[in-house]
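Below is one structure, written out as structure tokens; comments come after it.
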Ligand code: HEM
Ligand code: HEM
């Protein structure tokens, strides 16, 4: 029987830093909204926007376990993974089911952030930087949706935490330590993650920050 005697790299530093930043900033977004701290809500919102864009870019240019192409699978793989009779699960990285959770979390948080960019009322209170691009009635509708959609975001996070508790508590898989330190125990003979490239990281980071800053200024036309 295979034993978990070796420790290899599983998650690269950009995935881990993005993850723990999301875990701090998403609850902070709720807190700042509940306490009408709009100065911080919109500023942190742009940090969140940059992090999400970075994670999407990194999903195409990052290391093996970060790349969508290496972990997102079709419904058949997810079903056979659930039945336990399909392809062997990937030795390191997200399982086919975990991949669905990643896409679900990123999409739901992404939708909330995009709505926030258009939210608010220009005659009363805070507005997102793209509020002026839509009419007042549309902005009202987006703001109302943004207000209740926070429960969808919270629901996804609750599912995420429940799934991790099941894996750690019932299946005895050590998931949390690798998301903190990067390395984790794997079966003998399993190869670790590929190395992150600085140049690719800088391209993804510069692109993400560039888009977030452009949005902050109201997404002005690029050509003069
Ligand atoms: C607001 C809170 C949180 C959000 C929005 C969130 C979001 C995410 C996302 C998007 C991923 C995919 C990682 C990637 O490939 O980029 C992920 C993975 C993961 N998260 Fe979280 N997370 C949150 C809180 C937590 C907490 C509190 C823990 C631990 C106690 C945790 C543990 C993990 C672990 C272990 C994985 C990797 C799962 C795997 O092995 O496939 N997360 N999370
Ligand atoms: C995960 C991300 C986010 C969460 C959880 C969130 C949460 C919320 C909540 C709960 C409200 C309703 C507050 C209330 O009136 O009771 C709100 C309002 C609002 N949010 Fe967000 N938000 C997020 C992202 C953003 C972003 C990225 C922006 C813009 C940069 C933004 C801009 C606004 C604006 C302008 C309002 C309306 C303010 C008003 O009523 O005067 N939000 N948000």
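Just so you know, all these numbers are worked out from the coordinates, no wet-lab data involved. These numbers were taken from a predicted model, which means no experiment stands behind them. Here the Cβ is made from the backbone with ideal geometry for all residues, glycine too, and neighbour counts use every protein chain on show.
Some notes on this structure:
- Each peptide in 188-198, 112-122, 35-45 gets a packing score, the mean of other Cβ atoms within 10 Å over its residues, and the list from highest to lowest is 112-122, 35-45, 188-198.
- Residues residue 100 and residue 13, FRET efficiency given R0 of 25 Å [Cβ-Cβ distance, rounded to 0.05]: 0.55
- Compactness of the chain is given as radius of gyration and Dmax, 19.7, 68 Å, from Cα positions.
- Relative to the longest principal axis of the Cα atoms of the chain, the long axis of helix 38-61 lies at roughly 40 degrees.
- Taking each DSSP H run with n ≥ 4 as -39500 (n - 2.57) and averaging over every residue of the chain yields -21000 deg cm²/dmol at 222 nm.
- Given R0 = 30 Å, the distance between the Cβ atoms of residue 168 and residue 61 translates into a calculated FRET efficiency of 0.50.
- Degrees between helix 136-169 axis and first principal axis of the chain (Cα, 0 to 90, nearest 10): 20 degrees
- Cα gyration tensor shape for the range 2-48, rounded if a/c is under 1.5, else prolate or oblate: prolate
- The slack in the chain from residue 136 to residue 198, taken as 0.36 nm per residue of separation less the alpha-carbon distance, amounts to 17.9 nm.
- Two-decimal log10 I(q)/I(0) for the range 78-164, as the Debye equation yields it once each C-alpha is a single scatterer, q = 0.20, 0.21, 0.22 Å⁻¹: -0.88, -0.93, -0.98
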